[in-house]
Structures are given as C-alpha cells and as structure tokens.
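This report concerns only the one structure given below.
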Amino acid sequence: MRDLHSFDINAFDHELKTTKNPLPLFQKALKQGAEELQSRFKDGESVTALVHSRAAHIDALLVSAWRNYLPANAHLALIAVGGYGRGELHPGSDVDILILLGDEDHAHLNEPLGQLLTFLWDIGLEIGHSVRTLAECIQEAEKDITVTTNLMESRLLAGPETLFNAMREATGPKKIWPSDQFFAAKWEEQKERHSKYGDTAYNLEPNIKEGPGGLRDIQMIGWVAKRHFDANNLRDLVIEGFLTEREHQALIKGEAFLWKVRFALHTLNNRREDRLLFDYQRTLATQFGFRDKEDTLAVEQFMQIYYRNIMRLNRLNEMLLQHFEEAILLKDQLDEPVQINARFQSRNDFLEVTRADVFRRYPFALLEIFLLLQQNPALKGVRASTIRLIRHNRHRIDDSFRSDLRARTLFMEIMRQPQGITHELRRMNNYGILARYIPGFRNIVGRMQYDLFHLYTVDEHTLVVIRNLRRFAVAEHAHEYPLCSEIMDSLPKPELLYLAGLFHDIGKGRGGDHSSIGAVYALAFCPHHGLSDFDSQLVSWLVKKHLVLSMTAQRKDTSDPEVIQDFAKEIGDTTRLDYLYLLTVADARATNPARWNTWKNALLRELYLATKQALKRGLHKPQVLDELIKEKREEALKQLKNAAITQEHAESLWSTLSEEYFQHTSATALAWQTRQVLTSCQADLPLVLLRRQTSRGGTEVFHYGKNDDGLFALATTILDQLNLNIVEARIETASTGYTLNSYQVLDSNGEPISGEDRKQEITTALKRGLSEKALAGQEVSRRISRRLKSFSTQTKITFGQVPGHQFTIMKLTTGDRPGLLSQVGWAFASCQIRLHTAKIATIGATAEDIFFITDSDNQPLTKPAQFDCIRKALLENLGENNLPSADTRDVSAP
C-alpha cells in the first residue's frame, strides 16, 4: 500500500489550523483522493492496495475531524469497525465507526459529537455510526452476533487504548459467544443468506458480496479463524494446518478478483452497488478488455470468468467449514471408521479414504467415490480432508484414465444407478471431476448466455435438466407430470436419456449449431462407453434434435394435419418420440422455471399426442383435413344434442364459417362456442366469455360480436392493460359480418385466470372497451421492466407463403415490450390486413411471434405495396424507422 500522492497530512493539518471553515478543505481532500484512486485503478494498480489506501486516507480525515471537534482529554474512543475496521474501503463502502464512551458523565460531549457526525455527513462520507458505553457494547454483542462480528474486526483510530482494549476483551470469546457457539451461529447465518439467493452462485444478476461464493463467504472464513484461532489473517490458517498454500493463494486470488469487480461497480455508479446487473456486466466487460468473438460475446467471456471464480470460492468455503465443524463443534472427537472397502470408509456418516495415497495408488477411486455415495444413501457427504485429496489428484484424470475400461465402467454404473444420479453429477461438477472426465464439459462450466431466457449457466442448466428427468422416474413426484412419469416407466434404458441430457448443450460457445456439435460429442462418447450402435445413434439423435419438438409446438400450426404428418416423418418412430418428449419437457423447465407455465406444457403435450397418433396410424396413412373436420363436427353435434341445440341450427351457423375455423377449433370448443352464439341475443353483444381450458393449460377469452377494423388491436390492448399474457389468438369472421375471436391467455403469474372477481374484472373491461366506437387511441400504459431495457433486439420482419395454404405467414422478431400485440394489430388495421391466427412466443427479452394473415378478401398477400405498408406501419408503431426492408420469401414453414 502506498499513500495518496494528492494528500499531505501535515499540510492538511496546517491549513486546518488556519481556516475558519473546514468544510471545503475536507471536501476537496475527499474529492482529490477519490480521483487519484480512480486514476490508479484505470492504470491497473492492484485493488488490494487501493482499498487499503482509501481506508488510510479516511483514517487521516476522521482523526483530523475528531481532534477538531472534541477536547483532547475526552475519555472516549473513535473506533473503525466492520470492513473499515479491517482497513478495507471500496469507493462506495459505508464508513462504519463506533464512538466508545468512558464510564464518567459524558453529557457535555453530546453537542460536539452531534456536530462531528453532522460534519462528516456534510463533507460527503456515508457514515454508519453507533455511540455506546462499554456496557452497552457488551449488551448489544450478546444479543446480536452481527455486532459481535463488527467489534471483533475493530481498529482504534483515536482515544485511549485502554478503553479500546477493555472493549475487545469484554466482547471476546472468553466472555461472550465462545468459538463453538459463534461458528454455529455464523454457519446458520450463511445458510440463510445463501437461501436468499437460491443456494446457487449462478444467478443472472449476482450479488458479488452476499451471494454464494461472494466476498461474504471469504469473510466468513476469516471471522471463524479470528474467533477460534485468534488468527490475524488467512495465512495463519496455513500455519494451523487448515489451509494449504495452494488453497490460500486461491482465496487471495479470488478475493482480489471480486474486489476488482466491486471497485469498478462502485466507481461506475458513484455509490455502493454490489449487484452485477445486466447493464453493468456489459460495461465492465469492455472496461476489463474483453471483446466480442464470433462465438462468444465479451460479456459472456467476462461472466464465465466471474462464475468460475465464485465456484472455486464456494468449494473452498464448503471444505473449510467442514474442517471447522470437526475442529470446533466436534472438537476432533470423531467416531471409529466403518470399513466400506479397501479404499474407503465411513466416519461420522461422511465418506473418507482409508489412506492418504489412495488416489495415487488407484486413480479410478476418483470415480468410485461417487458411485459409493449413490450406493450408500445414509452417507451425508465427503469429509473435508478427502475433498482436498480429490482436488489435488484431479490431474490424474487424463487420456489414459479415460480410455481405461475400469473408468468407463464406473462412469456408466453411476449413470445407471436407481438413485443419486443428480446429486453425484452435481458433486462431480463441484469438485472439478466432471469436466476432467468429459473434457468438452469444461467449456460450458460457468458459461452464461446473455439473455433473459436462460436463467442458469450452461453447466448448471444441464444438471437441472438431469434432475428434472430423474424426477419423472421417482414415484412420489408422479403427480407433477403424470404423462411424463408414465412414459418414463416404459423406457427400456433411461440412462440413454440422462446421457442425452448431459450432452445436449455441450456444444455451446464453440461456434456453429450447438446441437450438431453436441451430437458429434455424444456419438464419440457412447460407443467408447460400451453402448451399442443403436443406443449411441439414439443418444446422438436426441442431442441433435433436442429443440425440434419445442420449436414445432411454438412456431408451427400444429392443428394442421400436414404439419403433424411432416413432424412425425422427422421423428420416425414412437421410441424416439418418447425419449424426445421427456428431454424437451425437462429442458424447457430447466431453462427458466419462472417462465415455464401450463400453456407451454399443454403445447408440448398436444404435439406429442398428435404425433404419436400419426405414428401409430402409420406414416403411409396420413390424416386428411376433411376427415379431421368431419370427426370434430360429429363429436360437437353429440355434445350440442345434450344442450338442446339442433343439428339444423348448428349447421346453419357453421355454414358461415371457414374451413380453417374447424381445423383450429377442438370439438369441445366448437360445441361450447356454438352453444354460446346460438343462445345469445342482440342485447348480449358484444358477447365476452371466459372458459378454463384444463387440457390446454390456459383460459380462453371468447368474443362474439359485429366485426370492425382494429378489433384485434383493441382487444389485445385491453387484455394487455389487464396484465394478461396472450399466448395464442384465433380470429374468425363469419360471412354474416360477425366475428368469433378466441384468445388463449394466462394471468400475470403464468397460471390460468382464477377467482370470480378477477374474471368479472376482465369481462367487464372487455365488454366496455369493445362497445366503444372510438377504437383508436387506446394505449398500453405499463412500463417496460428494467431487465428488458438492458437488452436490444433488432426488429426483423419476414413474410412467407406455405404451399397449398391461403395464408401469408408473417414472422416478427423484436424486443419484447408491453403492448406489442396491440401495436401489431393497429398496423394490420391501417393496411387493411386480416389476421386469422397468431402464435405468440417470448424467448427471454425477445418476442418471436407468428401471424397467419390475408388481405381483406381472405387472399394471401402478393403485392409489394402490401408488405411495405405492414412494415412501415409496424416499425412506426414500434418506434423503429431505420431498419432494412422486410425479407419477403417463400418458406415451407414459419
């Protein structure tokens, strides 16, 4: 650490004695100090030196202010506590101080103390202060371990040393909070803190101080070391034998990295900010010298290094806390070991090696240990000493190791166990074994994807996928996804599914199609591990096709028999379909659980069931549309007969509707909508009804009334104002001039609409809004979220024509925002475009919506002026007028 060049304490004190107004003097010193530290940071100086320099600078200013306001003989002390007590101050950190009062009457000091604290705030310091007597310090420390921790790190700045020492002794482990109670309380505190952040270091916008693997975890180690071993720093733990020199260096290096990020965050925001928000991630990545590559964004490179650092720190924290537990809570009084085999034994329900050279003598024990944990579920985990040996012997997993039949057999045994697969794969990842054994996995460890769609890093996502797959096989979870559990029970080799899950995203970050890259990895791995050619090809195919079911369900018209027939041909047989469906559901749920909903579940289930029916019927016997419509109408008539609706009345209404209406509408929905229309009267219009669709996972909002330009735009605007998520829209205009519109919606929580009050609110708002004559001017007032603002998606509009269909398909890719559908609707209305079906898909911050449209005569669009009109109106509505022309092309599918 070196002093600030811009600050001369002697010159400062001299000027302080001669000035009548010290405020500008202190403000100038603070400003110059901050500017110098920022300059040194930009020049690449170690942040470790900078945080200590800032603490020393604040020390000097506080002591000068103290002497300026308080009499020299006052029996009270100025004490730095917390991080400031450790001599560590980042640019935006609070300056935490304790003013410790002596025993004598101190009423006469109240005024100068008040003036001092006011002055410190006025000069611009973020002061966190407490004023206490020695007795009050003891009282507060006894009931609040946080106070004890702050006092434990205290440092005398001014005042009697005897008073300071008395406080340290009175609040030390011999008086209050002995080290075993202190450790137990701080460990529980850490568990609660980790729980607040989802028990994962892989949050999209992590807190670098409080999150798992963050700075607080390093401080936790230091606090315990200080309380129990009276250690002054982490190096003392090396002397005590609790840390190796390599581990000590890893802690110091990790802390320095996090300090660098935190210093930059504070500097960027000109205040304390410990959240690594999306906007800051991009800025810091550029500041730290990262540049976009062909296959990886600069921000993704930076965040991968960040996540790998906190993963290492999290591992070290876990291992050291186990060591502390044995030394402090168990007091090294361990049970006698219980032999498991020649290499491993159990002690206090934790697995350990029988001798320190086990991994050197028998390297394959590096895999065997995880198999034993699966086979002995009573074991709580691995002893810290053995974790350390695993870490130090990971280098033994090399090409020779991977080629050995014993290693390959052990790995496949792990994948075939009836329990513990997820836990042990996660443990293998945490200990660094998984990336050693599967080298391609290393590339995805800590790899984030800079979007709102992927909640986890790629390695964490992969492990969550496997967890989801495993839950399908566990009887007590069968109620969650009954169809998935039923299929899982019928699979002959579930380990093939787990392998597909393990490899499905391994190709990310390598450039090109990650699915194809992963398929090549899988096809090399599987035969090497004894799988037959058929099984190896199946795993590779699953990896290559793991997105196709989801993309088909979201982007194609799955009510069209031709779409189902083409998809069935791509799948080939029911075995592949079963495996693929399970992998797709597990993958979708693991991408972002908060965005998974009943509607997405229903989309995948409907496509799976329709495809399975097509495969069972035979690919040589496709179902034709006329046959499908006939079946629906016959079933609907059966249901209507029970509702006293005659076939004549139903057929009369149906004769006014298009073939596409019957194609898209289920028999149950057809009967329900027909009954509502035929039993309504003119006074009821516009008719607005809500119907829970259990099989489709959402709520249908049905509207029947007189057609009018802009009706879709108005309806979607009202629904958006009601904070409803529209996932699908079907627009049908009868030859009579009346419209039958159906909107599939979810409430803001991602669930179907529930509660009579909420249903009434929606119905009333729609009836009122759709009854008004002035359709224009309705706007969505909801604000765009902070997270959405962090991402920009270039708007892309493409048009295509599917051969044999009377629709033009428009695909819109743009940034998601409130009111997007209504803006599309107003654009269609201004260009006299008729919407028939909309399929809505939001992937993170990006909307990828498909619209099936015609002109006002129900003909596909063919004129360039029509495309240009839509593009111009849409871009104006979205506030984007400088984009290239829309891509108009023929496509076989949207």
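Distance distribution P(r), segment 679-763, all Cα-Cα pairs, bin width 5 angstrom from 0: 3, 14, 26, 25, 18, 10, 3, 0 percent.
Across segment 1-129, the mean sequence separation of Cα contacts (distance under 8 Å, 6 or more residues apart), normalised by length, yields a relative contact order of 26 percent. By the helix-only formula, in which each DSSP H run with n ≥ 4 contributes -39500 (n - 2.57) and the sum is divided by residues, the chain has a 222 nm mean residue ellipticity of -16500 deg cm²/dmol. Cross-link partners of LYS42 among lysines, defined as those whose alpha carbon lies under 17 angstrom from its own and excluding same-chain residues fewer than eight positions apart: LYS31, LYS260.
Relative contact order of segment 387-540, please, whole-number percent, based on alpha carbon pairs below 8 angstrom and at least 6 residues apart. Please report the intermediate quantities before stating the final value.
Details: 142 pairs, mean separation 28.9, N = 154.
For segment 387-540, the relative contact order is 19 percent.
Bridging of LYS20 to lysines at a Cα separation below 18 Å is possible for LYS28, once same-chain residues fewer than 8 apart are set aside.
For the chain, would you read off the P(r) tail past 44 Å as a percentage of all alpha carbon pairs?
On the way: 184116 of 399171 pairs.
Summing the P(r) tail past 44 Å for the chain gives 46 percent.
Restricting attention to segment 245-385, close to 75% of DSSP beta bridges with both partner residues there are antiparallel.
Rolling a 1.4 Å probe over the protein heavy atoms leaves SER748 with an accessible area of roughly 90 Å². Each of HIS392 and ASP489 was given a label point 7 Å from its Cα along the Cα-to-Cβ line. The distance between the two points is 5.0 nm. Taking the longest Cα principal axis of the chain as reference, the axis of helix 711-721 is set at about 30 degrees.
Legend: residues TYR456, TYR498, sorted from most to least accessible area (1.4 Å probe; ligands, DNA and RNA excluded), read TYR456, TYR498. Extending 7 Å from Cα along the Cβ direction at ASP357 and again at ASP626 yields two label points whose distance is 8.5 nm.
Within the shell defined by Cβ-Cβ distances under 11 Å, the residues around THR422 carry a net charge of +4, with Lys and Arg each +1 and Asp and Glu each -1. For segment 451-525, applying the loop criterion from DSSP together with a ceiling of 15 other beta carbons within 10 Å to the GluC sites (Glu not before Pro) yields GLU480.
Would you kindly state how much longer the chain becomes between ARG595 and LYS293 on full extension, computed as 0.36 nm times their sequence separation minus their alpha carbon distance, in nm to one decimal?
Working: separation 302, 0.36 × 302 = 108.72 nm, distance 2.92 nm.
Stretched out fully, the ARG595 to LYS293 stretch lengthens by 105.8 nm.
The figure for THR48 is an accessible area of roughly 50 square angstrom, using a 1.4 Å probe on the protein chains alone. Size check on segment 1-72: the Cα extents along the three principal axes, sorted descending, read 41, 21, 16 Å. So if R0 is 45 Å, what FRET efficiency would GLN676 and HIS529 give, r being the distance between their Cβ atoms, rounded to the nearest 0.05? Calculated value: 0.15.
Using the beta-carbon distance between GLN859 and ALA475 and R0 = 56 Å, what value does 1/(1 + (r/R0)^6) give for FRET efficiency, to the nearest 0.05? If you can, show how the numbers build up before the last one.
On the way: r = 56 Å, r/R0 = 0.99.
In this case the efficiency is close to 0.50.
Provide the per residue accessible area, probe 1.4 Å, for segment 116-202, rounded to a whole number of square angstrom. Display every interim value, and only then the final one.
Numbers: 4280 Å² over 87 residues.
With all protein chains present, segment 116-202 gives 49 Å² per residue.
Taking other residues whose beta carbon is less than 15 angstrom from the beta carbon of LEU284, and scoring Lys, Arg as +1 and Asp, Glu as -1, yields 0. Surface calculation, 1.4 Å probe, protein heavy atoms: THR354 sits at approximately 50 Å² accessible.
Mind checking segment 222-325 for GluC sites (Glu not before Pro) that DSSP puts in a loop (not H, G, I, E or B) and that have at most 14 other Cβ atoms within 10 Å?
Numbers: sites: GLU240, GLU245, GLU247, GLU255, GLU273, GLU294, GLU300, GLU318, GLU325; in loops: GLU273, GLU294.
For GluC sites (Glu not before Pro) across segment 222-325 that sit outside H, G, I, E and B with at most 14 neighbouring Cβ atoms in 10 Å, the list reads GLU294.
Computed from the Cα positions only, the extents of segment 329-474 along the three principal axes stand at 51, 36, 30 Å, in decreasing order. Along the axis of the charge dipole computed for the chain (Cβ charges of +1 for Lys and Arg, -1 for Asp and Glu, origin at the Cα centre), the listed residues PRO22, PHE263, PHE370 are led at the positive end by PHE370.
Cysteines in the chain that lack a partner Cβ within the 4.7 Å cut-off: CYS137, CYS484, CYS526, CYS681.
As a ratio to 2.2 N^0.38 Å, the alpha-carbon radius of gyration computed for segment 466-513 takes the value 1.39. Rounded to whole Å, the principal axis extents of the Cα atoms in segment 584-629 read 40, 20, 9, largest first.
Given a 1.4 Å probe and every protein chain left where it sits, what share in percent of the accessible area of the chain is carbon and sulfur?
Numbers: 18540 of 39160 Å².
For the chain, the apolar C and S fraction of the accessible surface comes to 47 percent.
Annotation: Cα Rg of segment 1-124 relative to the compact-globule expectation 2.2 N^0.38 Å equals 1.11. Rg and Dmax of segment 80-140, based on Cα coordinates, read 12.9, 37 Å.
Multiplying the residue separation of ASP94 and LYS759 by 0.36 nm and removing their Cα-Cα distance gives an extension gain of 234.5 nm.
Can you compute the FRET efficiency between ILE127 and HIS106 using 1/(1 + (r/R0)^6), with r the Cβ-Cβ distance and R0 = 25 Å? Round to the nearest 0.05. Intermediate results must be reported in sequence, preceding the final value.
Values: r = 20 Å, r/R0 = 0.78.
The computed FRET efficiency comes out at 0.80.
Can you tell me what percent of all Cα-Cα pairs in segment 656-724 are more than 15 Å apart?
Details: 1484 of 2346 pairs.
Result: 63 percent of Cα pairs exceed 15 Å.
Fully extending the segment from LEU547 to THR118 would add 148.3 nm, taking 0.36 nm per residue of separation and subtracting the current Cα-Cα distance.
With contacts taken as Cα pairs under 8 Å at a separation of at least 6 residues, the chain carries a relative contact order of 6 percent.
Packing here is the average count of other Cβ atoms within 10 Å per residue, and on that basis the peptides 628-638, 750-760, highest first, run 628-638, 750-760.
The values are calculated or read from the model by the stated rules, or taken from the named source; none is laboratory data. What you see is a predicted model, and the numbers here were worked out from it, not measured in a lab. Note that each Cβ is placed from the backbone with ideal geometry, even for glycine, and that neighbours are counted across all protein chains shown. Side chains included, ligands, DNA and RNA excluded: accessible areas come from the protein's heavy atoms. Shrake-Rupley method; radii C 1.70, N 1.55, O 1.52, S 1.80 Å.
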